[in-house]
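First comes the structure, then the notes that go with it.
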């Protein structure tokens, strides 16, 4: 347990490196088929979101917040510390959920932690703010995440993400809110200096509504 890099007011269980965490997890659960322990380090995107939220406590007060793919839940904990009324942290990895609960307890905040894949459903009305960071590494999963977040924005939810220039993050439909300079001492990125963009996913017309409108226009043209 140690302070999160650049956020001394937050503490989290963190490995010396992702590789060290992977070795330790494999040693303790050799036959469990566990996922890579991404929850064992405080990734730059989550740290940037946390810094952004802590810098605007009035903007978070009383809100219902979700952190998607939370890992160790640094951003969710920051939202709770900033005054959010109800904070949910969700991840598909059971060990990430354990880490999120432990980190929340260490920071004296209450989170609802769910082991779940939310991407197949809706539910945007449950939250005022959705946070996402460091989820755009793999093409298919990135597509699922981006589509789900756009739908939640269309539901009226504010969606904030942290962008380090990941290859599979769609660039359209994003409004930049801030740029945060970070250092990376854990070796999770190439180079030590990082510039993280905090972006809002802007609402777009739903695809089914666009298709219906185009069909109606085509029908009128034929009548």
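The values are calculated or read from the model by the stated rules, or taken from the named source; none is laboratory data. Bear in mind that the values here come from a model prediction, so they are computed numbers and not experimental data. For neighbour counting, all protein chains shown are included, and Cβ atoms are generated from backbone atoms with ideal geometry for every residue, glycine included.
Couple of notes before you dig in:
- Taking the conditions (1) in contact with a strand residue (DSSP E or B) (Cβ under 7 Å, 6 or more places away or on another chain); (2) modelled with pLDDT under 95 in turn, residue 49 satisfies each one other than (2).
- Counted residues, region 129-166 - those being part of a helix (DSSP H, G or I) and crowded, with 17+ Cβ neighbours inside 10 Å: 10
- The lone exception for residue 95 - which of (1) more than 23 Å from residue 9 (Cβ to Cβ); (2) without any contact (Cβ under 8 Å) to a residue 40 or more places away in the chain it fails: (2)
- All conditions but one from (1) at pLDDT below 90; (2) outside any helix (DSSP H, G or I) apply to residue 125; the one that does not is (2).
- Annotation: residue 102 fulfils all but one of (1) under 18 Å from residue 35 (Cα atoms); (2) over 13 Å from the mean Cα position of the chain (by Cα); the unmet one is (1).
- When region 128-143 is filtered for residues that are farther than 11 Å from residue 68 by Cβ and modelled with pLDDT under 95, the ones remaining, listed by number, are 136, 137, 138, 139, 140, 141, 142, 143.
- Only listed residue being without any contact (Cβ under 8 Å) to a residue 40 or more places away in the chain, under 21 Å from residue 35 (Cβ atoms) and either in contact with a strand residue (DSSP E or B) (Cβ under 9 Å, 6 or more places away or on another chain) or part of a helix (DSSP H, G or I) (or both), chosen from 113, 90: 90
- Residue satisfying all of: in region 167-185; touching a strand residue (DSSP E or B) at 6+ places or on another chain (Cβ under 8 Å) and without any contact (Cβ under 8 Å) to a residue 40 or more places away in the chain; surrounded by the most Cβ atoms within 10 Å (Cβ to Cβ) among these: 169
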